[in-house]
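Structure first, commentary second.
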Amino acid sequence: MEVLSAFALPHVAAGTVALLTFWTTAALRKGSRPHRLVGRVYLLAMAVVVVTGVPLTVARALDGQTVGATFLAYLLLLVSTSVWLSWRAIRDRASATRYFGRMHAALAIANPLAGFGVLALGLSVGSTLLTGFSLVGVFTGFDMWRRRRVMPARPNWWLQEHYGAMVANGAATHVAFLALGLPRLLPEVVGSAAYLAGWFLPVVLAVVATTWLDRRHARPQRPRAGAPAGTRLRAPGT
C-alpha cells in the first residue's frame, strides 16, 4: 500500500500541473517562446502521468480488479498516443516521412485493437462506460490511418497534427479531472448522468474543435489586403 501511495501522489500532482499548464499554453501566443516553454512543461507533466499510471494499473490487476486495470491500461494507451503525436509533430516537422513512420503505424494499429477489446469487455460486463469509451480508441486509430494518407501532402501538416494531438491531450486532462479526480471529492456523483458527462463531454468537444480547426487550416489562406500578389502567408505559430 505504501508503494502504491508513492506513485499515486506524483500521479495526482502531475495531473494538476497538466490541467493548469494546458490552459496557460492555450492562452499564450502560438509559437512564442513562453508558449513553447509552458507547452514542454505540460507534455512533461503528461508523461509523468503516464509513467506513474503504469504501476497504479498493475496494482489494480494484482488486486484482482481485472476490469478496472484493463480500462486504465487502455486510457494510458490513449494518453500516450496523443502525447507522442503532439511532441513528434513538432520535432519531425521537417520530415513527414519520419513522423508517419513505424511508431505512428504501431499506434494506429494498437488504438483500434484496444478499443475493440474494451468494447467486448464492456459488453460482457454490461458497462455503459466501457462500451461507449471504447469508440475513442477505434476512432483514434482509424483517424490516424486517414491522416497518414492525406496529411503529408499539406504544407502545414505538422501544425494540424500538433494541435489535433494537443486538443486530444486537453480532453484527456479534463476527463481525468472530471471523471477520476472529482468523484474522490464527491463520491455521490459516481454513476450519475453528470459522471458520464465528465467522461464523454470533453471527448465530444475535442472532436468538434479538431474538425473546426482542420477545416480552417485546410483552406488556402487569402492574402491580406495590400499584400503583394503571390505572397504566401505563414501558418499561425510557425
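The values are calculated or read from the model by the stated rules, or taken from the named source; none is laboratory data. Just so it is clear, the model here is predicted, and its values are computed rather than measured. When we count neighbours, we look across all protein chains shown, and the Cβ atoms used for this are built from the backbone with ideal geometry, even at glycine. SASA here: full protein model, heavy atoms, side chains in, ligands and nucleic acids out. Shrake-Rupley method; radii C 1.70, N 1.55, O 1.52, S 1.80 Å.
A few notes on this one:
- Solvent-accessible area, 1.4 Å probe, carbon plus sulfur percent, for segment 76-204: 71 percent
- Largest-first principal axis extents, alpha carbons of segment 29-188, Å: 48, 33, 25
- Each Lys and Arg adds +1 at its Cβ and each Asp and Glu adds -1 at its Cβ; summed about the Cα centre, segment 20-178 shows a dipole of about 840 debye.
- Extension reserve of the LEU28-LEU135 stretch, reckoned as 0.36 nm per residue once the Cα distance is removed: 35.3 nm
- Farthest positive-ward along segment 1-127 dipole, Cα basis, beta-carbon charges - from HIS35, PHE116, LEU72: HIS35
- Rounded FRET efficiency, nearest 0.05, which uses the C-beta distance separating PHE116 from THR211 and R0 of 22 Å: 0.40
- Using a probe of 1.4 angstrom and keeping all protein chains present, the accessible surface of segment 53-191 works out to 49 square angstrom per residue.
- Extension gain (nm, one decimal) between ARG40 and ASP63, 0.36 nm per residue minus Cα-Cα: 4.8 nm
- Other residues within the sphere of radius under 12 Å centred on the Cβ of LEU43, judged by their own Cβ, net out at +4 (K and R +1, D and E -1).
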